[in-house]
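Before any comments, here is the structure.
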Amino acid sequence: QVQLVESGGGLVQPGGSLRLSCAPSGRSSRFLLMAWYRQAPGKQRDLVARITTSGSTTYAESLKGRFTISRDNAKNTMYLQMNSLEPEDTAVYFCYARLGLTDYWGQGTQVTVSS
């Protein structure tokens with residue numbers, strides 16, 4: 001069973017940056033699609049960005065220019081560089097990956113933007 005592990009969350013001041021990482025806990029075939037989602041308290045889980053094996057990316061319109069998704073296929077690892085963070089970015093960030101016809105989710109990492 002593949003498990004996804006996120007890291008890199010934490011508390012940051014407005015205007016600051018964080019870099020999230022997501023990797024499988026064990027050996028795994030290359031994920032076809034990987035993505036970041038986020039869920040703020042009392043709100044639904046929304047797509048942040050996704051990236052294919054070839055590197056094609058899609059972003060939530062409101063986050064373009066501040067967030068950058070990337071992946072290292074050799075490590076089967078995905079990253080999310082978040083810059084110019086705002087209090088509205090506070091949420092639990094979840095890693096998602098598709099392997100074949102199966103969807104996998106990480107347990108989430110908390111990002112809090114506050115002064």
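The values are calculated or read from the model by the stated rules, or taken from the named source; none is laboratory data. What you see is a predicted model, and the numbers here were worked out from it, not measured in a lab. Glycine also receives a Cβ, built like all others from the backbone with ideal geometry; neighbour counts cover every protein chain displayed. What goes into the accessible areas is simple: the full protein's heavy atoms, side chains included, and nothing from ligands, DNA or RNA. Shrake-Rupley method; radii C 1.70, N 1.55, O 1.52, S 1.80 Å.
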HN-Hα couplings for the range 81-86 via Karplus (6.51, -1.76, 1.60; θ = phi - 60°), in whole Hz with x for Gly/Pro, come out as 8, 10, 10, 6, 5, 10
Protection proxy (average C-beta count within 10 Å per residue), highest first, orders 35-43, 76-84 as 76-84, 35-43
How charged is the neighbourhood of Ser114? Take every other residue with its Cβ under 14 Å from the Cβ of Ser114, and add Lys/Arg as +1 and Asp/Glu as -1.
-3
Solvent-accessible area of Leu32, probe 1.4 Å, all protein chains present, reported in Å² to the nearest ten, please.
100 Å²
What residues have an amide H closer than 5 Å to that of Val48, excluding those fewer than 5 places away on the same chain, when H is modeled at 1.01 Å from N in the peptide plane?
Trp36, Tyr37, Arg38
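Sort the range 1-58 into rounded, prolate or oblate with this rule: let a ≥ b ≥ c be the square roots of the eigenvalues of the Cα gyration tensor; rounded if a/c is under 1.5, and if a/c is not under 1.5, prolate when a/b is larger than b/c, oblate otherwise. Don't jump to the answer; show the numbers that get you there.
Details: a/c = 1.72, a/b = 1.54, b/c = 1.12.
Cα axes put the range 1-58 in the prolate bin.
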Report the net charge of residues surrounding Ser28, where surrounding means a beta-carbon distance below 12 angstrom and charges are Lys +1, Arg +1, Asp -1, Glu -1.
+4
When the Karplus curve 6.51 cos²θ - 1.76 cosθ + 1.60 is applied with θ = phi - 60°, which whole-Hz ³J(HN,Hα) does each residue of the range 48-54 get, with x for Gly and Pro?
9, 6, 9, 8, 8, 4, 7
Residues with amide H under 5 Å from that of Leu33, placed H, sequence gap 5 or more
Arg98
Could you state, as a whole-number percent, how many of the C-alpha pairs of the range 37-93 are farther apart than 19 Å?
30 percent
Simple Cβ-charge dipole of the chain, Lys/Arg +1 and Asp/Glu -1, about Cα centre, in debye nearest 20:
340 debye
Accessible area of Val2, 1.4 Å probe, to the nearest 10 Å²?
30 Å²
Contour minus Cα-Cα span, Arg19 to Thr52, at 0.36 nm per residue, comes to 10.0 nm
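Give me the percent of DSSP beta bridges within the range 4-112 that run antiparallel, rounded to the nearest 5. If you can, show how the numbers build up before the last one.
Values: 39 of 43 bridges.
Given both bridge residues lie in the range 4-112, the antiparallel proportion sits at roughly 90 percent.
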